[in-house]
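Colleague: Structure provided below as structure tokens; questions to follow.
The values are calculated or read from the model by the stated rules, or taken from the named source; none is laboratory data. This structure is a prediction, so every number in the text was calculated from the model and none was measured. As a convention, Cβ positions derive from the backbone with ideal geometry for all residues, glycine included, and neighbour counts pool all protein chains shown.
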Amino acid sequence: MRIGFMGDIVGKPGRNAVVAKSAELKKRFSWDFIIANAENAAAGFGVTAQIGDELLAAGIDVLTSGNHIWDQKGTEEYLSKLPLLLRPANYPNYPKYPTPGLGMVIAPVKQSDVSVAVINLMGRTFMEAIDCPFAVGEKLVDEALQKTPVVIIDFHAETTSEKRAAGWFFAGKATAVLGSHTHVQTADETLLEGGTGYITDAGMCGPERSVIGMNIDKMLFRFLSKRKVRFDVGHEDVHIRGVSLEVDEKSGRCLRIERFNEPWHP
Ligand SMILES: [Fe+2]
Ligand SMILES: [Fe+2]
């Protein structure tokens, strides 16, 4: 089977591109299942119910997220209702202050008897010090493997080292460990020992004439003045970036991982 993974969808340009092109990409890459990271889909910050529904209606099977998942009003309620939108699994879950939503879903592949487990984890280096993504992830992978051999991890993290460590940690167990969050596609896609597809960052779906999706002038103001400014999403040179996986659904091994970079002209 083939699985498509699209990196962080940034704002309206990213959303429009994904909605307009996902059917065509699905056909071209023969995808049976599509995962996309939606943490920046709402004007760069978080995702609303309406946007989540729009992306799922466009053919995305599972949406993952990251640190920006809590940025929009109403997302907590949406997460509780919709298991196809994940939040990082390793947020703390203290009983008095439970974390809404789930960090893993086992979703059926349409017109087949195969299921895909998708797990969303978040790193801790230069990010919120949430629970350990390795320990939490290990438990979830073991749980998922009881139900399906196909296990895809979106590892949402800042540093290359933490992501590569996660790749080796889950090598031979997960089908793929795919990085998100930094919005710049890396050129290190590879197959790790035991048939685990890996890339440090799948890249973003959004405007590349920008600073990781955001307006260049606002970003320069922030860096040069060290004062706060409200960011807005850039809009020029929109690309859809991600990876396409070929997977043996019987063993769960990744046979091939291929990067893609699809420019979109509205
Ligand atoms: Fe992001
Ligand atoms: Fe992020």
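Colleague: Filter the range 66-106 for residues that are aromatic (Phe, Trp, Tyr) and away from ligand 2 (no atom under 16 Å from the Cβ) and give the result.
Modeller: Listed by number, the residues that qualify are Tyr78, Tyr94, Tyr97.
Colleague: Against the conditions (1) out of contact with any helix residue (DSSP H, G or I) (no Cβ under 7 Å at 6 or more places or on another chain); (2) loosely packed, with under 15 Cβ neighbours inside 10 Å; (3) not β-branched (Val, Ile, Thr), where does Pro266 fall short? Just the number, please.
Modeller: Only one criterion in (1) out of contact with any helix residue (DSSP H, G or I) (no Cβ under 7 Å at 6 or more places or on another chain); (2) loosely packed, with under 15 Cβ neighbours inside 10 Å; (3) not β-branched (Val, Ile, Thr) is unmet by Pro266, namely (1).
Colleague: Now for a different question. Only one residue in Ile9, Ile3, Ile51, Ile34 is within 14 Å of ligand 2 (Cβ to nearest atom) and of a type in the set (Val, Ile, Thr), so which one is that?
Modeller: Ile9
Colleague: Let me ask something else about it. I need the full set of residues from the range 233-254 which are loosely packed, with under 14 Cβ neighbours inside 10 Å and in contact (Cβ under 8 Å) with a residue 60 or more places away in the chain, in order please.
Modeller: The answer is Lys250, Ser251.
Colleague: Taking Ile216, is it among the β-branched types (Val, Ile, Thr) and buried (at least 16 other Cβ atoms within 10 Å of the Cβ)?
Modeller: Here the answer is no, as Ile216 does not meet what is asked.
Colleague: Still on this structure: Looking only at residues that are within 15 Å of ligand 1 (Cβ to nearest atom) and modelled with pLDDT of 95 or more in the range 208-231, which one is farthest from the chain's Cα centre (by Cα)?
Modeller: Met219
Colleague: Continuing with the same structure: Among the residues of the range 12-30, count how many are touching a residue at least 40 places away in the same chain (Cβ under 8 Å), within 18 Å of the chain's Cα centre (by Cα) and more than 16 Å from ligand 2 (Cβ to nearest atom).
Modeller: Number satisfying all stated conditions: 8.
Every residue, every condition in (1) touching a helix residue (DSSP H, G or I) at 6+ places or on another chain (Cβ under 9 Å); (2) in contact (Cβ under 8 Å) with a residue 40 or more places away in the chain, yes or no:
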| position | (1), (2) |
| --- | --- |
| Val109 | no, yes |
| Leu121 | yes, yes |
| Pro133 | yes, yes |
| Lys147 | no, yes |
| Ile153 | yes, no |
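Colleague: Another question, if that's okay. Give me a count of the residues in the range 237-266 that are in contact with a Lys or Arg (Cβ under 9 Å, 6 or more places away or on another chain) and modelled with pLDDT under 95.
Modeller: Of the residues in the range 237-266, 0 are in contact with a Lys or Arg (Cβ under 9 Å, 6 or more places away or on another chain) and modelled with pLDDT under 95.
Colleague: Can you confirm whether the range 144-155 contains a residue that is within 16 Å of ligand 2 (Cβ to nearest atom), under 19 Å from Val177 (Cβ atoms) and acidic (Asp, Glu)?
Modeller: The answer is yes; a qualifying residue exists.
Colleague: Report every pair of residues separated by at least 6 positions or lying on different chains whose Cβ atoms are under 6 Å apart, first residue within the range 50-78 and on the phi < 0 side of the Ramachandran plot and without any contact (Cβ under 8 Å) to a residue 24 or more places away in the chain, second part of a helix (DSSP H, G or I) and within 16 Å of ligand 1 (Cβ to nearest atom).
Modeller: none
Colleague: Considering only the range 149-167, state which residues are in contact with a Gly (Cβ under 7 Å, 6 or more places away or on another chain) and crowded, with 24+ Cβ neighbours inside 10 Å.
Modeller: Listed by number, the residues that qualify are Val150, Val151, Ile153, Phe155, His156, Ala157, Lys163.
Condition check ((1) of a type outside the set (Gly, Ala, Ser); (2) modelled with pLDDT of 95 or more; (3) touching a Lys or Arg at 6+ places or on another chain (Cβ under 8 Å)) across all residues:
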{"residue": "Glu54", "(1), (2), (3)": "yes, yes, yes"}
{"residue": "Val62", "(1), (2), (3)": "yes, yes, no"}
{"residue": "Ile69", "(1), (2), (3)": "yes, yes, yes"}
{"residue": "Glu76", "(1), (2), (3)": "yes, no, no"}
{"residue": "Leu79", "(1), (2), (3)": "yes, no, yes"}
{"residue": "Arg87", "(1), (2), (3)": "yes, yes, no"}
{"residue": "Asn90", "(1), (2), (3)": "yes, yes, no"}
{"residue": "Pro100", "(1), (2), (3)": "yes, yes, yes"}
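Colleague: Quick one: what pairs do we get from the range 194-219, first residue closer than 24 Å to Leu245 by Cβ, second of a type in the set (D, E, K, R) and away from ligand 1 (no atom under 14 Å from the Cβ), C-beta under 6 Å, 6+ apart or different chains?
Modeller: Here the result reads Gly195/Arg253; Ile199/Glu189; Thr200/Asp188; Glu208/Asp237, each pair linking the range 194-219 to a residue that is of a type in the set (D, E, K, R) and away from ligand 1 (no atom under 14 Å from the Cβ).
Colleague: Also: Name the single residue, out of those in the range 168-207 being surrounded by 24 or more Cβ atoms within 10 Å (Cβ to Cβ) and more than 16 Å from ligand 1 (Cβ to nearest atom), that is nearest to the chain's Cα centre (by Cα).
Modeller: Selected residue: Val177.
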